[in-house]
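Here is the structure we will look at.
Read the figures in this text as sums done on the coordinates, not as results from a lab. Keep in mind that this is a model prediction, so the values were computed, not measured. Here Cβ is always computed from backbone atoms with ideal geometry, including for glycine, and neighbour counts include all displayed protein chains.
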Amino acid sequence: MKRTRKIILVSHCILNSNSKVEGLSQYEGIFKEIVDMLHDKGIGIIQLPCPEMIIYGIKRWGHVKEQFDTLFYRENCRKMLKPIICQVKSYIDAGYEIVGVIGIDGSPSCGVNFTCSGDWEGTPSKDDIDHKIKDLKEVEGFGVFMEELKKYLEEYDIEIPFTGINENDVYSSLKDISEFLNDK
Ligand code: SF4
């Protein structure tokens, strides 16, 4: 039987760009270049759930991290992650290697190196929107979903390296992802 016993966890939209907020996708369907890299190395893929799609649906606006930083959102991220954690634990206990997690930098949910932040609330009137767009900033750190994933893994003493694809220009991240996978 052919298998490398190597697996990676990837943000949902890497394999399904349809889940992204309308207007943000830079590839059709699958981020083929990333999948090709994983295929070349024989690394299996576990697709993480898309928390924003599940909770807010496809008609959602873009949000900032502060808007998702609620107990409800975090608890639901954990619920979605439970079947993933169970699979990861089973693989690791059986000697498989989970080589990493690839998230989406800039996302309020799936950011790894940076996420988006702002003082956003209220109604979307023209003045409000202009003010909110000006207030939007990138800040270092994980999005809410990735924070919950990391915490959940740590509860089982599982350490996995995380990296992210830059949502502003996904193709600018190909070299970084290739280097991340170099020793895998
Ligand atoms: S970055 Fe995360 S929350 Fe946003 S579309 Fe991708 S999987 Fe969904």
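Observations on the model:
- Given charges at beta-carbon only (K, R positive; D, E negative), |dipole| of the chain in Debye: 820 debye
- When shorter helices are ignored and each DSSP H run of at least 4 residues is given -39500 (n - 2.57), the per-residue value for the chain at 222 nm works out to -12000 deg cm²/dmol.
- Paramagnetic label zone (point 7 Å from Cα along Cα-to-C-beta, residue 33; backbone N under 11 Å) in the range 151-184: 166, 169-178
- Qualifying trypsin sites (Lys or Arg not before Pro) in the range 43-100, where qualification requires a DSSP coil assignment and no more than 14 other C-beta atoms within 10 Å, comprise 59, 60.
- Ascending count of other beta-carbon atoms within 10 Å, so fewest first, for 177, 55: 55, 177
- In nm, spacing of pseudo-spin labels at residue 5 and residue 22 (7 Å Cα→C-beta vector): 4.8 nm
- Kyte-Doolittle mean at least -1.0 and Cα axial length at least 18 Å: DSSP H helices in the chain: 71-93
- Relative exposure of 13, 86, 77, judged by other C-beta atoms within 10 Å (fewest first): 86, 77, 13
- Whole-Hz ³J(HN,Hα) from phi, Karplus 6.51 cos²θ - 1.76 cosθ + 1.60, for the range 16-27, glycine and proline x: 7, 5, 5, 7, 6, 3, 3, x, 9, 6, 10, 9
- Taking the chain as a Gaussian network of alpha-carbon nodes connected by springs under 10 Å, the highest mean-square fluctuation of the residues 57, 122, 23 belongs to 122.
- Label-to-label distance, residue 154 versus residue 60, with points set 7 angstrom from Cα along the beta-carbon direction: 2.4 nm.
- Estimated Rh, the range 6-181: Kirkwood, alpha-carbon pairs, angstrom: 16.7 Å
- For the range 1-103, the extents of the C-alpha atoms along the principal axes are 45, 31, 18 Å, listed from largest to smallest.
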